[in-house]
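A.B. asks: Quick one: the structure is below, and I'll ask about it shortly.
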Amino acid sequence: MSQTTSLLSNSSGSARIPPGVLAYLGERARNNCYDFVIRKFRSSGLTKAELARRLGKGADRINHLLASPGNWTVDTMAELLAGIAGEEFVPASASFSGRAQRNVTQADILSPRRDNIDKGGKLAKDVRVEWKFDAPPPALDKIREIESKTLKAEPVS
Amino acid sequence: VYGVARLTRLCAKIVRLCGKGSDTSFNWWLLIYMSIQDSLQRAVARGELAYLPMRLDSDPIERAMLLDDEVKELLSGPFRDIHHERRIGRLHADLETFVTGGEVSLCFTHHRHGKAYLGLLDPPGQATWDIRSRNPGPGLRVFGRFAATNIFVALTWRPRSKHVAWSSKDPLADDNLLWRIAIHDCEEKWNRILPGEVPVAGTRAENYVSDHFIVV
């Protein structure tokens, strides 16, 4: 599972970091930049058209830039952050060691009773409040209601 | 009890197929979800699907990606050369973005996906998407379907525009037939691994990913 973590933590001295790991980290950094800018854009409440006007670019170009970080450069990051939030791009980094391990697995995502699934999804909130394991499905309730009415209507012999 | 459970699940699937999912009560919706959840867990237990391995155990997990053998082998190697290893390293990072709850762009307009991360493929009725790993070229496309909100099942992959030296797979290029074959391949695998299950369909982005998305 944490093959890369161990490779990175052992990368001190002259040990070579595998090229696949370096490429992984490069793409990850690119995706992190994209994530950062898009979250800023969403919280700003700006529209794509407004951002296009601010940066003096066409709407198509802005749409392309916000769709993926594919061709982003440091300049692109700086321009987008200035246009979106009037902020400067200040790089930061963090060590791989000493990070808290996650306590959620992908298998937990499959479980509808996972407590932290409701961060964005409606499902878990509903599950917690409304789901009762022993409650019969609504169709059965209907059938029972109809059955009881029918039984009451029948004359007792 | 088993018969009633089977019958209610079947009814729920019929309702879903009719596109009236949003009108049904919560319990019905949950039954559908449970059914797919059960099928996915059974497929994982049988070894037909595997969770995307995460390279850093500190990363958050907000969504799930399940891999068919073909995609799993693509990621795990062995790698033929340094270019192969690098390309797969980048693809792995792109796929992890989905699982860690990163921002993803979705495009519902066929043949105009541009730079979107996820594109709904034509015909939309097949509910097949491709995850588009574009950097560096030639890009790679991972085809799959959404089993439920935030749950993507990756079933096959293809190089996008050119042959890659480390695989004999034909690139999709702009050949309609090759795209159709890939989509058909995807459907066939889905039906084999998750028989009777219906993938998420429609044009509401929230049905695919609950948050952190942008529609382009």
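The values are calculated or read from the model by the stated rules, or taken from the named source; none is laboratory data. Computed from a predicted model, the values in this text were never measured in an experiment. Ideal geometry is used to build each Cβ from the backbone, glycine not excepted, and the neighbour counts take in all protein chains shown.
Matching residues to (1) modelled with pLDDT of 90 or more; (2) of a type in the set (D, E, K, R):
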position	(1), (2)
B:Ala5	no, no
B:Trp28	no, no
B:Ala43	yes, no
B:Tyr51	yes, no
B:Asp57	no, yes
B:Asp68	yes, yes
B:Phe79	yes, no
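A.B. asks: A follow-up question, please. If we keep just the residues of the range A:19-58 that are of a type in the set (Val, Ile, Thr) and assigned to a helix (DSSP H, G or I), which is nearest to A:Glu79 (Cα to Cα)?
C.D. replies: Looking at the filtered set, the residue picked out is A:Val37.
A.B. asks: Out of (1) exposed (fewer than 14 other Cβ atoms within 10 Å of the Cβ); (2) touching a His at 6+ places or on another chain (Cβ under 6 Å), what's the single condition that is false for A:Tyr24?
C.D. replies: All conditions pass for A:Tyr24, except number (1).
A.B. asks: Would you pick out the residues in the range B:199-216 that are of a type outside the set (Lys, Arg), part of a loop (DSSP other than H, G, I, E, B) and out of contact with any helix residue (DSSP H, G or I) (no Cβ under 6 Å at 6 or more places or on another chain)?
C.D. replies: B:Pro199, B:Ala201, B:Gly202, B:Thr203, B:Tyr208, B:Val209, B:Ser210, B:Asp211, B:His212
A.B. asks: For A:Arg30, all conditions in the list (1) at pLDDT 95 or above; (2) closer than 30 Å to B:Arg55 by Cα; (3) of a type in the set (D, E, K, R) hold save one; what is the number of the exception?
C.D. replies: Against the list (1) at pLDDT 95 or above; (2) closer than 30 Å to B:Arg55 by Cα; (3) of a type in the set (D, E, K, R), A:Arg30 comes up short only on (1).
A.B. asks: Here's a follow-up. Assess whether B:Lys169 counts as being modelled with pLDDT of 90 or more, farther than 14 Å from B:Ala147 by Cβ and assigned to a loop (DSSP other than H, G, I, E, B).
C.D. replies: Yes; evaluated as a whole, the condition is true for this residue.
A.B. asks: While we're looking at this one, here's another question. When only residues in the range B:137-147 that are surrounded by fewer than 23 Cβ atoms within 10 Å (Cβ to Cβ) and facing chain A (nearest Cβ under 10 Å) count, which is nearest to A:Thr73 (Cα to Cα)?
C.D. replies: Top of the filtered list is B:Gly137.
A.B. asks: For B:Val153, are the conditions met, namely being crowded, with 21+ Cβ neighbours inside 10 Å, touching a helix residue (DSSP H, G or I) at 6+ places or on another chain (Cβ under 9 Å) and among the β-branched types (Val, Ile, Thr)?
C.D. replies: yes
A.B. asks: For the list (1) within 14 Å of chain B (Cβ to nearest Cβ); (2) at pLDDT 95 or above; (3) more than 26 Å from B:Ser133 (Cβ to Cβ), I need the number of the one condition that A:Gly98 fails.
C.D. replies: (2)
A.B. asks: Then there's this: Tell me whether the range A:84-93 contains one or more residues that are in a helix (DSSP H, G or I), within 14 Å of another protein chain (Cβ to nearest Cβ) and on the phi < 0 side of the Ramachandran plot.
C.D. replies: The answer is yes; a qualifying residue exists.
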